[in-house]
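Let me begin by presenting the structure, written as structure tokens, before commenting on it.
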Amino acid sequence: ANSSDVVRWFTSPTSTTPVSTANPYTTPSLSSSTTYYVEDSVPGTLVHVGPADNTVLGAGGYFSNSTDRYDTFDVYSACTLKSVVAYAQSAGSRTIELRNSSGTVLNTLTTTMAAGANTITLNFPLTPGSQYVLGVNGTANLYRNNAVSGGYPFTAAGLLSITGSNAGSGYYYYFYDWQLQTAGCVSQRG
């Protein structure tokens, strides 16, 4: 196969598990004629949305109250929420939750954070829908802005829009520099 992208090799046109992702692929020793199928996979593009860091929106501070605070967002096209940046007041574990508009937890990740800036890898798949919630289960002790200069929404055109917070449009909670990955493209097997 001739490609600079991810190439997957299969022994069946319907198999879900590749025998190799190497390019080129060297087969094992064969004693009979064997057919291999190959597909090319182009990864999606990376897109950033939301404030780049906790200094661009205005005043703020660490939110240590146990009240459930979060930002809401809408998804327009399937993508993956790869990572976010959060600023912790102190080191410790936090549980990050992705919830739907009814409050049902769709994905969760418990992570240990250092004091200061932390890039958190989430890899949460997102499907089109409205009023998703990204928040923390328990006391956050994370930075939030209490003055949103410029205001909501924060939008990645055609993908996602961070629309507000459950404390009102003057507050922005916890998660900065959202990194999204669009869906990739996979060729037919040949």
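The values are calculated or read from the model by the stated rules, or taken from the named source; none is laboratory data. Everything numeric here is computed off the predicted structure, so don't read it as measured data. Glycine gets a Cβ as well: all are built from the backbone with ideal geometry, and neighbour counts include every protein chain shown. Quick note on the areas: whole protein, heavy atoms, side chains included, nothing else; ligands and nucleic acids left out. Shrake-Rupley method; radii C 1.70, N 1.55, O 1.52, S 1.80 Å.
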- Task: Could you please find all residues in the range 21-43 being under 30 Å from residue 81 (Cβ atoms) and surrounded by 16 or more Cβ atoms within 10 Å (Cβ to Cβ)?
- Result: 23, 39, 40
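Looking at this structure, is residue 161 in contact with an Asp or Glu (Cβ under 9 Å, 6 or more places away or on another chain) and polar (S, T, N, Q)?
Judged against the criteria, residue 161 is a match.
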- Filter the range 4-20 for residues that are within 24 Å of residue 80 (Cα to Cα), touching a residue at least 24 places away in the same chain (Cβ under 8 Å) and surrounded by fewer than 13 Cβ atoms within 10 Å (Cβ to Cβ) and give the result. none
- Among (1) open to solvent by 40 Å² or more (accessible area, probe 1.4 Å); (2) hydrophobic (A, V, I, L, M, F, W, C); (3) touching a residue at least 12 places away in the same chain (Cβ under 8 Å), residue 49 falls short only on (1)
- closer than 30 Å to residue 171 by Cα, open to solvent by 80 Å² or more (accessible area, probe 1.4 Å) and of a type outside the set (D, E, K, R), is that true of residue 76? yes
- Item | Evaluation of residue 39 against (1) touching a residue at least 40 places away in the same chain (Cβ under 8 Å); (2) under 30 Å from residue 119 (Cβ atoms) (one fails), failing number | (2)
